[in-house]
Amino acid sequence: MREALDQLLRKIADQSATIGVVGLGYVGLPVACEFARVGFRVVGVDVKEERVARINAAVSPIEGNEPGLADLLAEVIANGRFQASTRYGALTEADIVTINVDTPVDEDRTPHFEALRAACTDLGSVLKLGAMVIVESTVAPGTMCRQVRPWLEHASGREAGTGFYLGHCPERVMPGKLLHNLRSVGRVVGGQTAAVADVMVRLYRHVVHAELDPTDLLTAELVKTAENAYRDVNIAFANEVALICEAVGGNVWRVRDLVNRSPGRAMLLPGSGVGGHCIPKDPWLLASAFGARRDESLLATARRVNDAMPAEVARLTADALAEGGVAPREAKVLVLGHSYLENSDDTRNSPSAVLACLLLELGCEVTVHDPYVPSLARDLQTALSGQDAIVISVAHDQYFTLRPDVLASVMSHRIVIDARHVLDLAQFEERGFVIRAVGVAPGHRIEAYAAL
Ligand code: SAJ
């Protein structure tokens with residue numbers, strides 16, 4: 001089938017190839033629009049009728065602020081280069097098909113790839129002879145060869161490498177920067193063979209203006225899951241050092257500052273937990289390789305450390321309320337920040353949501369504020385009024401403007417818990433606030449000099 005690959009190369013070079021995109025969410029839709037923008041004919045398929053209808057009406061279904069996406073969608077729908085369908089039959093002429101469906105883990109953190117399996121089965125039944133299938137979803141190591149390949153071979157009645165070609169090019173998108181990351185962030189390009197990887201590089205070169213690193217399928221699976229697990233483990237390390245500082249009377253922010261002056265160190269930021277769609281999930285995909293021993297792994301331990309941070313912040317809050325003489329059941333607590341990341345409206349796997357539930361379980365009356373979440377974006381001064389305590393859970397820019405004199409004038413009690421190193425706590429302490437902070441032992445500030 002070398003001639004089939006050569007045919008693909010020609011159709012990629014002159015952009016006469018038809019590209020299919022399965023899954024038109026926050027990964028697939030920008031991919032579809034971008035390939036259409038550069039001149040390919042693109043056919044998108046999604047199971048959600050309402051989403052397909054909105055796309056064909058040139059209305060982006062992606063929430064949040066995604067610079068350039070809405071206009072680009074309107075452009076490629078208007079010029080006919082991109083159209084969406086709910087039917088896989090629309091893909092019968094596609095020379096290349098990317099698969100961008102959700103690949104979650106289930107309750108017990110086991111990969112749950114039903115959407116991927118359905119996509120492969122439905123695509124396989126209409127796949128054009130000699131077409132290339134590229135999975136962009138993040139998958140556990142071994143998924144491409146042990147699951148995707150047999151699913152496609154069974155559904156198509158053809159063999160990978162002769163009847164069709166297989167690739168894995170994991171996405172590296174970030175909500176809020178979907179088009180930017182697609183165009184400007186390098187990609188690992190995993191091919192079933194080196195020749196397939198080479199064809200994939202030629203394809204992605206049309207839209208990605210950054211490093212394209214060809215490799216094999218398994219390495220591509222390992223790189224994507226490992227790069228996110230790497231970040232999760234490093235965040236867990238920072239959180240664990242913070243807990244140690246609290247236990248022994250230290251200040252993690254001073255410690256981190258000095259650690260990072262040591263060559264080759266780059267300690268990340270302790271905080272109120274790890275949210276988002278990638279970091280909490282991908283370590284479990286990588287650790288699934290351990291099978292029954294998974295939960296003893298460093299990756300699983302790091303997940304447990306990070307997932308325990310909301311409870312740590314709830315403990316600090318209860319401690320501060322006690323010192324402030326406010327019974328939890330009498331306390332009005334304002335949680336500042338609900339999205340998973342500073343200055344973002346993305347609330348997926350929000351650690352603040354866990355924190356709010358824990359405070360409710362303590363009996364507190366909990367209010368949540370977030371300038372980026374429409375339903376929570378109240379006037380901050382109004383939100384602060386009458387509160388006994390505030391908990392800074394997300395480092396939104398707006399919260400850096402909080403001043404002790406303003407808070408003292410509107411709050412019922414002067415209690416502040418800072419889980420994201422936003423405030424100058426000494427200023428608040430001077431104004432009589434009870435303060436707690438992740439990684440800072442009560443009573444200890446920047447330096448833990450012995451009391452004079
Ligand atoms: N977080 C910390 N401490 C840190 C860094 C992050 O607590 O030092 C928390 C954040 O508050 C958030 C979560 O971790 O709740 C994830 O934050 P993130 O900065 O990793 O942002 P993500 O989830 O959008 O991660 C994405 C990933 N990119 C892709 O998957 C393409 C990740 O691989 C990137 O490293 C990250 O963006 C990035 O560097 O911006």
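The values are calculated or read from the model by the stated rules, or taken from the named source; none is laboratory data. Treat the numbers as computed from the prediction; the structure is a model and nothing was measured. Cβ sites come from the backbone with ideal geometry, for glycine too, and all protein chains shown count toward neighbours. Side chains are part of the model used for accessible areas, which takes the heavy atoms of the whole protein and leaves out ligands, DNA and RNA. Shrake-Rupley method; radii C 1.70, N 1.55, O 1.52, S 1.80 Å.
Screening the candidates 344, 339, 375 for the property of being farther than 21 Å from residue 284 by Cα, in a helix (DSSP H, G or I) and of a type in the set (Gly, Ala, Ser) yields one hit, 375. A Cβ distance below 7 Å, combined with a sequence gap of six or more or placement on separate chains, defines the contacts here; from segment 222-235, residues that are hydroxyl-bearing (Ser, Thr, Tyr) and at pLDDT 95 or above reach residues that are within 10 Å of the ligand (Cβ to nearest atom) and not in a helix (DSSP H, G or I) in the pairs 225/138. Every condition in (1) touching a Gly at 6+ places or on another chain (Cβ under 7 Å); (2) open to solvent by 70 Å² or more (accessible area, probe 1.4 Å); (3) farther than 21 Å from residue 175 by Cβ holds for residue 43 except the one numbered (2). When the residues of segment 254-286 are filtered to those that are surrounded by fewer than 14 Cβ atoms within 10 Å (Cβ to Cβ) and in a loop (DSSP other than H, G, I, E, B), which remaining residue is nearest to the ligand (Cβ to nearest atom)? Result: 266. Take the residues of segment 163-201 that are more than 28 Å from residue 4 (Cβ to Cβ) and among the charged types (D, E, K, R): which is nearest to the ligand (Cβ to nearest atom)? So, considering only residues that are more than 28 Å from residue 4 (Cβ to Cβ) and among the charged types (D, E, K, R), the one nearest to the ligand (Cβ to nearest atom) is 172.
For beta carbons closer than 7 Å, sequence separation of 6+ or different chains, a first residue in segment 167-182 that is in contact (Cβ under 8 Å) with a residue 12 or more places away in the chain and a second that is of a type in the set (Ser, Thr, Tyr) and away from the ligand (no atom under 11 Å from the Cβ), the qualifying pairs are 169/204; 173/26; 175/26; 178/26.
Screening 188, 207 for residues that are part of a loop (DSSP other than H, G, I, E, B) and not charged (D, E, K, R) leaves exactly one candidate, 207. None of 326, 313, 305 is crowded, with 24+ Cβ neighbours inside 10 Å, under 26 Å from residue 364 (Cβ atoms) and β-branched (Val, Ile, Thr) except 313. With respect to the stated conditions, residue 152 fails to be open to solvent by less than 10 Å² (accessible area, probe 1.4 Å), within 16 Å of the ligand (Cβ to nearest atom) and in a helix (DSSP H, G or I).
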